[in-house]
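The values are calculated or read from the model by the stated rules, or taken from the named source; none is laboratory data. Being a predicted model, the structure only gives us computed values, none of them experimental. For neighbour counting, all protein chains shown are included, and Cβ atoms are generated from backbone atoms with ideal geometry for every residue, glycine included.
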């Protein structure tokens with residue numbers, strides 16, 4: 001009898017895999033609603049399960065609510081003007097008194113609901129695939145994904161169940177509606193580490209298809225898991241976990257101490273750097289993130305999308321409703337730049353929307369749910385001259401696109417009643433605070449509260465004047481289409497770019513962090529040398545986004561010279577923010593290193609930030625302080641999971657993380 005998985009963890013739709021050999025370049029998906037042990041006992045069934053595991057990356061990478069959980073509440077991101085009034089955005093920010101995540105007001109539920117069904121799919125492939133004649137390297141892909149999902153879950157919620165109803169790490173077909181959470185140490189040592197070690201051993205260094213996981217991808221995750229678990233075992237700031245495991249350091253079931261795990265993390269990361277396979281560093285930071293160079297060899301794991309076919313994009317190519325599996329993370333920290341106006345008349349103000357939303361990397365669809373803090377610009381990206389990462393992260397100049405918009409003008413009038421044309425700067429976010437900005441503006445007043453400087457045709461805003469409604473855009477996550485045909489394109493659709501979740505550059509950060517934690521290092525691979533590889537690359541320019549023009553410059557020597565002699569965890573976190581700002585790394589980085597909500601850690605603040613108010617004219621910085629107690633390092637188990645359990649109220653209460 002066929003049985004559909006219907007327990008509290010739900011079920012995943014599978015896809016039949018049309019790919020049987022390495023000659024094809026893509027994974028073709030045909031949806032399937034139910035699955036059974038018998039299905040996985042065929043090669044097509046097992047391979048279809050593997051395809052589903054790749055497809056489920058779209059439910060995580062590019063999911064804007066998951067992105068909000070990873071970003072909001074960190075030193076990188078706060079709530080934006082459209083994310084106020086007791087919303088999930090304010091809840092994740094921890095800075096509004098009495099508002100924080102709850103089991104019903106938390107974006108962590110996106111992760112819970114989008115992982116367990118696929119963990120079960122992976123278990124089906126692992127359990128039955130070998131007998132069906134599936135090659136060990138394919139089984140290793142399923143082992144990788146099961147570990148990938150459990151690694152995300154254990155970092156987010158603490159201990160989670162390895163038994164979904166039919167036994168630990170067994171494919172489940174039961175309808176059982178009870179659950180027991182395994183401890184953090186068990187999840188790591190009985191699931192994550194064994195699966196990743198098996199994946200490293202069996203996966204090739206070459207991709208069977210573009211985007212398929214390889215030995216090096218598994219090595220990166222294994223190194224990061226060892227690093228994260230080493231921190232958790234050591235627990236230097238006595239952060240509680242759940243289910244409760246006492247001691248400092250905590251006890252490892254395999255008998256290793258934190259130092260052993262730091263050393264393993266270092267060794268594996270350095271080995272992957274030295275034996276990169278098909279991966280490597282791009283020559284410049286711009287090359288890593290410019291949409292015309294998507295799928296470059298620095299991108300190791302991503303959720304894929306396409307503008308060629310709605311079926312394979314699994315979402316509309318013309319309009320997105322804001323939900324999985326769209327790639328719409330870029331919307332949340334895009335401010336309402338289409339509100340910018342200029343004048344069609346030189347004698348009086350006659351408003352024209354001179355910067356209209358476009359399906360281009362500088363623009364996209366604005367939702368204003370999140371905003372960057374002022375400290376991102378004054379501290380994290382303080383060096384905007386040598387370090388190309390500021391220019392390669394943000395949209396700082398908004399230019400007139402009246403031709404693409406089909407407006408009947410060749411000249412408009414802007415700040416100081418000065419003329420502008422197609423492509424002229426209309427609004428510029430300045431690199432630094434400068435004196436003399438007039439935010440009153442007189443007759444020719446900015447529609448978005450920007451100021452004027454004498455002799456400039458563009459309106460301007462200085463960093464200390466950024467607020468929750470107007471701020472530089474997040475260029476690196478912007479959309480890109482090749483079918484705009486000279487117009488504005490489809491800016492209301494989800495991005496058809498791949499969302500990259502893992503980059504080769506992170507191996508350098510993992511190895512450096514492990515070295516700072518005491519791992520013995522190889523010659524030339526000490527923490528400072530590793531960080532300087534990344535910093536030297538950051539000093540190389542090939543293009544200026546602000547000027548929309550080629551810019552060939554090499555400031556790598558200055559970047560390396562500015563690196564401190566002693567690398568600290570705080571400095572690594574600052575470098576990670578410069579490298580991966582806004583990409584969804586930050587919550588996990590701060591939780592791992594126990595800096596989440598902790599100010600004055602090696603001179604860095606992770607709880608206090610400044611930003612202006614929610615109205616266009618609010619340019620006075622307001623100091624905000626997040627209240628993040630140690631129990632809030634773990635996100636709440638979603639209320640839907642608790643409600644679905646057929647057990648006592650006391651058992652349900654014990655299942656939930658403390659503090660919620």
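On the given criteria, is residue 90 closer than 30 Å to residue 474 by Cβ, at pLDDT 95 or above and either touching a strand residue (DSSP E or B) at 6+ places or on another chain (Cβ under 7 Å) or buried (at least 22 other Cβ atoms within 10 Å of the Cβ) (or both)? Yes, satisfied. Among all positions in the stretch 526-541, there is at least one residue which is part of a strand (DSSP E or B) and either at pLDDT 95 or above or closer than 24 Å to residue 271 by Cβ (or both). Conditions: (1) without any contact (Cβ under 8 Å) to a residue 40 or more places away in the chain; (2) exposed (fewer than 15 other Cβ atoms within 10 Å of the Cβ); (3) part of a loop (DSSP other than H, G, I, E, B). Residue 650 meets all but one. Number of the miss? It fails just one condition, (3). Remark: residue 276 falls outside the filter, which requires a residue to be within 24 Å of residue 516 (Cα to Cα), out of contact with any strand residue (DSSP E or B) (no Cβ under 9 Å at 6 or more places or on another chain), at pLDDT below 95 and surrounded by 14 or more Cβ atoms within 10 Å (Cβ to Cβ).
Across the stretch 392-418, the qualifying residues are those that are assigned to a loop (DSSP other than H, G, I, E, B) and touching a helix residue (DSSP H, G or I) at 6+ places or on another chain (Cβ under 6 Å), and the one among them that is nearest to residue 580 (Cα to Cα) is 393.
When each of 241, 205, 248, 174 is tested for being buried (at least 21 other Cβ atoms within 10 Å of the Cβ) and either out of contact with any strand residue (DSSP E or B) (no Cβ under 6 Å at 6 or more places or on another chain) or at pLDDT below 95 (or both), the lone residue that passes is 241.
Taking the listed residues 136, 101, 97, the one that is in contact with a helix residue (DSSP H, G or I) (Cβ under 6 Å, 6 or more places away or on another chain) and surrounded by fewer than 20 Cβ atoms within 10 Å (Cβ to Cβ) is 136, with no other qualifying. Of everything in the stretch 606-625 that is closer than 19 Å to residue 91 by Cα and out of contact with any helix residue (DSSP H, G or I) (no Cβ under 7 Å at 6 or more places or on another chain), the residue that is surrounded by the most Cβ atoms within 10 Å (Cβ to Cβ) is 607. Scanning for something surrounded by fewer than 18 Cβ atoms within 10 Å (Cβ to Cβ), more than 30 Å from residue 542 (Cβ to Cβ) and touching a helix residue (DSSP H, G or I) at 6+ places or on another chain (Cβ under 8 Å), does the stretch 292-310 turn up at least one residue? Checking the stretch 292-310: not a single residue is surrounded by fewer than 18 Cβ atoms within 10 Å (Cβ to Cβ), more than 30 Å from residue 542 (Cβ to Cβ) and touching a helix residue (DSSP H, G or I) at 6+ places or on another chain (Cβ under 8 Å).
When you scan the stretch 545-557, do you find a residue that is over 30 Å from residue 65 (Cα atoms), in a helix (DSSP H, G or I), touching a helix residue (DSSP H, G or I) at 6+ places or on another chain (Cβ under 7 Å) and in contact (Cβ under 8 Å) with a residue 24 or more places away in the chain, even just one? The answer is no; no qualifying residue exists. Here the helices (runs of 4 or more DSSP H) wholly within the stretch 152-251 that include at least 1 residues being free of Cβ contacts under 8 Å to residues at least 60 places away in the same chain and over 21 Å from residue 122 (Cα atoms) are 215-234.
So, in the stretch 560-606, exactly how many residues are in a loop (DSSP other than H, G, I, E, B) and without any contact (Cβ under 8 Å) to a residue 60 or more places away in the chain?
Residues that pass the stated criteria total 11.
For residue 490, state whether it is out of contact with any helix residue (DSSP H, G or I) (no Cβ under 9 Å at 6 or more places or on another chain), surrounded by fewer than 21 Cβ atoms within 10 Å (Cβ to Cβ) and in a loop (DSSP other than H, G, I, E, B). Answer is no for this residue. Here residue 35 fulfils each of the conditions (1) at pLDDT 85 or above; (2) in contact with a strand residue (DSSP E or B) (Cβ under 7 Å, 6 or more places away or on another chain); (3) assigned to a loop (DSSP other than H, G, I, E, B) apart from (1). Determine if the stretch 375-385 includes at least one residue that is buried (at least 24 other Cβ atoms within 10 Å of the Cβ), at pLDDT 95 or above and in contact with a strand residue (DSSP E or B) (Cβ under 7 Å, 6 or more places away or on another chain). Within the stretch 375-385 (the criterion being buried (at least 24 other Cβ atoms within 10 Å of the Cβ), at pLDDT 95 or above and in contact with a strand residue (DSSP E or B) (Cβ under 7 Å, 6 or more places away or on another chain)), the answer is no, since none of the residues qualifies.
Just one of (1) farther than 13 Å from residue 332 by Cα; (2) out of contact with any helix residue (DSSP H, G or I) (no Cβ under 8 Å at 6 or more places or on another chain) trips up residue 49, so point out which. So the condition that residue 49 fails would be (2).
Condition check ((1) at pLDDT below 95; (2) assigned to a loop (DSSP other than H, G, I, E, B); (3) over 30 Å from residue 219 (Cβ atoms)) across all residues:
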| residue | (1), (2), (3) |
| --- | --- |
| 426 | no, no, yes |
| 431 | no, yes, yes |
| 441 | yes, yes, yes |
| 445 | yes, yes, yes |
| 456 | no, yes, yes |
| 468 | no, yes, yes |
| 494 | no, yes, yes |
